[in-house]
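S.K.: Take this structure first; my questions come after.
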């Protein structure tokens with residue numbers, strides 16, 4: 001084996017073994033590498049420059065052929081035209097992907113006069129043109145180097161341009177078809193409450209059944225119309241996606257209007273597979289909710305690893321017992337023992353003891369002659 005081959009083999013083994021180790025523990029992770037933007041000088045024809053596969057021993061084409069990675073982000077830190085033409089390189093990399101995703105790295109730092117010389121400074125339109133080119137050619141995303149050129153530096157106004165134009169709507173990460181593509185269960189108990197002039201959405205997370213994926217985020221949609229929308233169609237319009245959240249409620253402080261707002265909530269898996277949307281039945285006042293509730297509204301996260309939060313709602317003052325039992329009916333923990341609680345929303349935190357992983361529990365709330373229960377899953 002030559003010295004070059006030995007060095008490349010070490011790089012290959014490191015990338016492969018890291019992928020196997022990480023994905024073996026968390027198969028939902030999206031594992032990628034960002035190599036130098038030119039694989040070998042002359043590929044494609046007309047491209048000249050440092051050969052990443054030879055100088056850095058990073059043979060990215062090999063990684064793609066073996067499918068060791070989920071995505072590749074070659075550092076395409078050049079403008080259109082010249083011997084390192086952005087268009088030629090991005091299209092060539094697209095032909096090498098072998099079913100994996102291509103997210104080219106874009107040199108946002110080169111639009112910042114404080115970080116690059118006048119001779120190599122990008123015009124303010126360069127990065128937006130590159131993003132449009134990628135979209136027009138079916139390349140599903142891009143990475144920006146550096147984050148500070150969006151969050152700290154003005155970068156000739158490019159961040160404002162992205163925020164108000166190309167990135168003005170929220171979006172999901174692309175679905176990777178070789179990972180879990182099952183949809184999560186839709187949210188449950190979706191409610192819309194009026195509260196001090198605001199509109200509060202609340203929901204609970206269902207436990208996965210069968211092959212259903214676990215929810216990672218909740219998608220909150222809003223549409224202003226004179227009549228209820230067809231949400232199966234409305235969710236396809238990115239303008240209607242109000243927010244993504246890992247919480248179980250969202251407060252919309254948008255001023256009221258003569259034309260009503262309509263809402264829906266869906267769940268989203270780690271692989272960006274979305275459940276069907278669920279719309280609340282009607283707007284209800286907080287007082288109406290308080291008069292009709294005695295139940296466990298949320299268990300978060302569920303499934304959980306060690307700490308879990310249990311939220312419950314009461315319709316009247318009561319002395320409550322809150323217990324955790326296993327499927328054999330044995331009590332595992334007692335979080336409240338005939339303790340007094342006032343009407344409204346309450347939350348209790350349980351830190352499960354070490355050991356006893358992969359268990360199914362039932363959370364039981366009792367008081368005032370009423371009982372309610374909800375299943376909990378420990379990973």
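The values are calculated or read from the model by the stated rules, or taken from the named source; none is laboratory data. Owing to the predicted nature of the structure, the values given are computational and were not obtained by experimental measurement. Note that each Cβ is placed from the backbone with ideal geometry, even for glycine, and that neighbours are counted across all protein chains shown.
S.K.: Considering only region 12-44, how many residues are in contact (Cβ under 8 Å) with a residue 12 or more places away in the chain and not in a loop (DSSP other than H, G, I, E, B)?
M.R.: Here the count works out to 8.
S.K.: So which of 95, 48, 56 ends up being surrounded by fewer than 16 Cβ atoms within 10 Å (Cβ to Cβ) and within 32 Å of the chain's Cα centre (by Cα)? Give the steps one after another, and end with the answer.
M.R.: On the way: 48 fails: within 32 Å of the chain's Cα centre (by Cα); 56 fails: within 32 Å of the chain's Cα centre (by Cα).
Result of the check over 95, 48, 56: 95.
S.K.: Scanning for something modelled with pLDDT of 95 or more and either surrounded by fewer than 16 Cβ atoms within 10 Å (Cβ to Cβ) or in the same structural domain as residue 77 (by TED's automatic domain parsing) (or both), does region 146-154 turn up at least one residue? First the steps, then the outcome.
M.R.: Going through region 146-154, the residues modelled with pLDDT of 95 or more turn out to be none.
Scanning region 146-154 turns up no residue that is modelled with pLDDT of 95 or more and either surrounded by fewer than 16 Cβ atoms within 10 Å (Cβ to Cβ) or in the same structural domain as residue 77 (by TED's automatic domain parsing) (or both).
S.K.: As an exercise: evaluate residue 181 against (1) at negative phi; (2) over 15 Å from the mean Cα position of the chain (by Cα) and give the number of the one condition it does not meet.
M.R.: Unmet for residue 181, out of (1) at negative phi; (2) over 15 Å from the mean Cα position of the chain (by Cα): (2).
S.K.: Given (1) modelled with pLDDT of 95 or more; (2) out of contact with any strand residue (DSSP E or B) (no Cβ under 9 Å at 6 or more places or on another chain), identify the lone condition not met by residue 26.
M.R.: The failed condition is (1).
S.K.: Further question on the same structure: Among 68, 39, 63, which is within 26 Å of residue 127 (Cβ to Cβ) and crowded, with 16+ Cβ neighbours inside 10 Å?
M.R.: Numbers: 68 fails: within 26 Å of residue 127 (Cβ to Cβ); 63 fails: within 26 Å of residue 127 (Cβ to Cβ).
Matching residue, one of 68, 39, 63: 39.
This table checks each residue for (1) buried (at least 17 other Cβ atoms within 10 Å of the Cβ); (2) farther than 23 Å from residue 248 by Cβ; (3) assigned by TED's automatic domain parsing to the domain that holds residue 218.
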| position | (1), (2), (3) |
| --- | --- |
| 337 | no, yes, no |
| 342 | no, no, no |
| 345 | no, no, no |
| 350 | yes, no, no |
| 354 | no, yes, no |
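S.K.: Can you list the strands (runs of 3 or more DSSP E) lying wholly within region 296-365 that have 2 or more residues being at pLDDT 85 or above, more than 29 Å from the chain's Cα centre (by Cα) and under 24 Å from residue 185 (Cβ atoms)? Reasoning before the result, please.
M.R.: Details: elements: 307-314, 318-326, 331-341, 344-351.
Strands (runs of 3 or more DSSP E) meeting the threshold: 318-326.
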